[in-house]
Amino acid sequence: LIQAIRSKESSFGGIERLGSGSYYEHVKIAEPNEFDIMLVMPVARLQLEECDDTGAFYYLTFKRNPKEKYLSKFLDEDGKLSAFKMLQALRDIIKQEVKNIKITVKRKKAGSPAITLQIKNPPAEISVDIILTLKVQQSWPHSTRDGLKIEQWLGRKVRRELRNKSFYLVAKQNKKEKVLRGNTWRLSFSHIEKAMMNNHGSSKTCCESDGSKCCRKGCLKLLKYLLERLKMKYTKMLEKFVSYHVKTAFFHACVMWPNDRDWHLTDLDYCFQKYLEYFLDCLQKTKLPHFFIPQYNLFSPEDKASSNFLSRQINYQLNNGFPIFQE
């Protein structure tokens with residue numbers, strides 16, 4: 001697919017694939033039937049203009065005499081780089097290509113940054129989300145300045161190294177826009193999240209073959225599983241909640257309890273309860289700050305009712321020995 005995309009549309013000539021999300025962070029639960037693949041396009045210099053007060057969504061324009069002349073066909077009438085136009089072009093190529101193989105492209109979900117492929121193959125159906133991503137090689141936007149508070153947990157040096165990496169922008173519709181034009185982009189740090197997941201200890205050897213094991217990922221998997229089961233049961237009430245909420249709370253928990261001794265493998269039940277109580281606290285306050293963009297609250301106060309509902313369900317599970325895990 002990538003060969004085809006590169007050859008069919010010269011603008012996408014430089015794209016590379018990057019696996020992101022739970023499968024590649026080794027925290028996938030249940031069947032490996034969902035994959036996130038980022039198609040990453042390097043761009044040199046962009047001008048970012050915040051489009052709301054979250055600090056997460058941006059309009060993009062090119063600086064004077066850009067190297068990226070080949071992207072000019074994707075500019076809208078205001079000279080902004082249109083996520084919608086780029087996604088559309090990518091989608092058309094992919095639809096054309098998969099005609100010859102047993103794969104279908106799912107219908108477009110409004111505002112979704114992903115192009116979803118369904119691979120219908122016995123014994124299971126697999127879905128692959130393809131996410132168009134720009135890789136920007138310049139310093140991170142101002143809104144991230146006070147985020148990534150990992151000094152106590154992973155150390156100052158690691159924070160500096162991570163912040164020196166490129167940042168990503170995904171073609172994501174900002175729902176708060178007055179007119180939905182489809183030209184907004186959202187910051188993404190999935191490559192940094194993957195790095196933190198895979199080197200998650202305050203000591204360098206945590207969970208390596210010669211190091212002692214911790215229960216951090218075990219706790220994350222349990223809460224992901226709990227949310228997944230509850231979502232299956234109360235789909236409508238809990239549709240706003242996604243595993244990214246659980247993962248963000250997990251990173252905050254790692255910062256609150258930064259030492260490996262706080263996460264002994266043998267203390268899984270105690271650690272899980274601690275982490276769960278923190279998550280419940282976030283639900284109660286309807287406040288879960290984005291790990292990289294602290295001003296961006298991932299729980300919106302207008303979802304108070306569903307936050308309360310989820311909170312009640314989790315409390316019930318907690319107080320009754322998690323009957324949903326036995327079902």
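Screening LEU148 with (1) closer than 30 Å to PRO258 by Cα; (2) open to solvent by less than 100 Å² (accessible area, probe 1.4 Å); (3) without any contact (Cβ under 8 Å) to a residue 40 or more places away in the chain gives one miss only, at (3). One residue stands out in segment 120-144 among those that are among the hydrophobic types (A, V, I, L, M, F, W, C) and open to solvent by less than 40 Å² (accessible area, probe 1.4 Å): the one that is farthest from THR61 (Cα to Cα), namely VAL128. When LEU90, LEU117 are checked against the criterion of being surrounded by 12 or more Cβ atoms within 10 Å (Cβ to Cβ) and either in a strand (DSSP E or B) or under 19 Å from the mean Cα position of the chain (by Cα) (or both), a single residue qualifies: LEU117. Have a look at LEU187, LEU220 and point out the one that is touching a residue at least 40 places away in the same chain (Cβ under 8 Å), buried (at least 16 other Cβ atoms within 10 Å of the Cβ) and in the same structural domain as ILE293 (by the TED database). After ruling out the rest, the residue left standing is LEU220. Has segment 245-263 got at least one residue that is over 19 Å from the mean Cα position of the chain (by Cα), assigned by the TED database to the domain that holds GLN317 and free of Cβ contacts under 8 Å to residues at least 12 places away in the same chain? For segment 245-263, residues over 19 Å from the mean Cα position of the chain (by Cα), assigned by the TED database to the domain that holds GLN317 and free of Cβ contacts under 8 Å to residues at least 12 places away in the same chain: present. Tell me which residues, restricted to segment 192-210, are out of contact with any Gly (no Cβ under 8 Å at 6 or more places or on another chain) and open to solvent by less than 20 Å² (accessible area, probe 1.4 Å). Across segment 192-210, the qualifying residues are ILE192, GLU193, MET196, MET197, HIS200, CYS206. The residues on offer are LYS175, LYS213, and the sole one that is open to solvent by 40 Å² or more (accessible area, probe 1.4 Å) and either touching a helix residue (DSSP H, G or I) at 6+ places or on another chain (Cβ under 9 Å) or not assigned by the TED database to the domain that holds CYS51 (or both) is LYS213. When every residue of segment 227-237 is checked against the conditions, none turns out to be under 30 Å from ILE15 (Cα atoms) and surrounded by fewer than 17 Cβ atoms within 10 Å (Cβ to Cβ). Residues satisfying the criterion are absent from segment 273-287 (criterion: farther than 21 Å from GLY147 by Cβ, at pLDDT below 95 and either open to solvent by less than 50 Å² (accessible area, probe 1.4 Å) or within 20 Å of the chain's Cα centre (by Cα) (or both)). The residue of segment 302-327 that is least open to solvent (accessible area, probe 1.4 Å), among those that are part of a helix (DSSP H, G or I) and more than 18 Å from TYR278 (Cα to Cα), is ILE324. Taking segment 33-87 as the range and being crowded, with 18+ Cβ neighbours inside 10 Å, assigned to a strand (DSSP E or B) and over 23 Å from the mean Cα position of the chain (by Cα) as the test, only PHE62 passes. What about ARG156, is it more than 23 Å from LEU46 (Cα to Cα) and not assigned by the TED database to the domain that holds LEU283? Here the answer is yes, as ARG156 does meet what is asked. Output the residues belonging to segment 239-278 that are more than 18 Å from ASN315 (Cα to Cα) and part of a loop (DSSP other than H, G, I, E, B). Scanning segment 239-278 gives GLU239, LYS240, VAL242, TRP257, PRO258, ASN259.
For every residue, the table says whether it meets (1) at pLDDT 85 or above; (2) not charged (D, E, K, R).
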{"position": "PRO32", "(1), (2)": "no, yes"}
{"position": "MET41", "(1), (2)": "yes, yes"}
{"position": "ARG64", "(1), (2)": "no, no"}
{"position": "TYR70", "(1), (2)": "no, yes"}
{"position": "LYS80", "(1), (2)": "yes, no"}
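Can you confirm whether GLY211 is touching a Cys at 6+ places or on another chain (Cβ under 8 Å) and assigned to a loop (DSSP other than H, G, I, E, B)? Here the answer is no, as GLY211 does not meet what is asked.
The values are calculated or read from the model by the stated rules, or taken from the named source; none is laboratory data. Here the structure is a predicted model, which is why all the values come from computation and not from measurement. Methodologically, a virtual Cβ is constructed for each residue, glycine included, from the backbone with ideal geometry; neighbour enumeration extends over all protein chains shown. The area values use the complete protein model at the heavy-atom level, side chains included, leaving out ligands, DNA and RNA. Shrake-Rupley method; radii C 1.70, N 1.55, O 1.52, S 1.80 Å.
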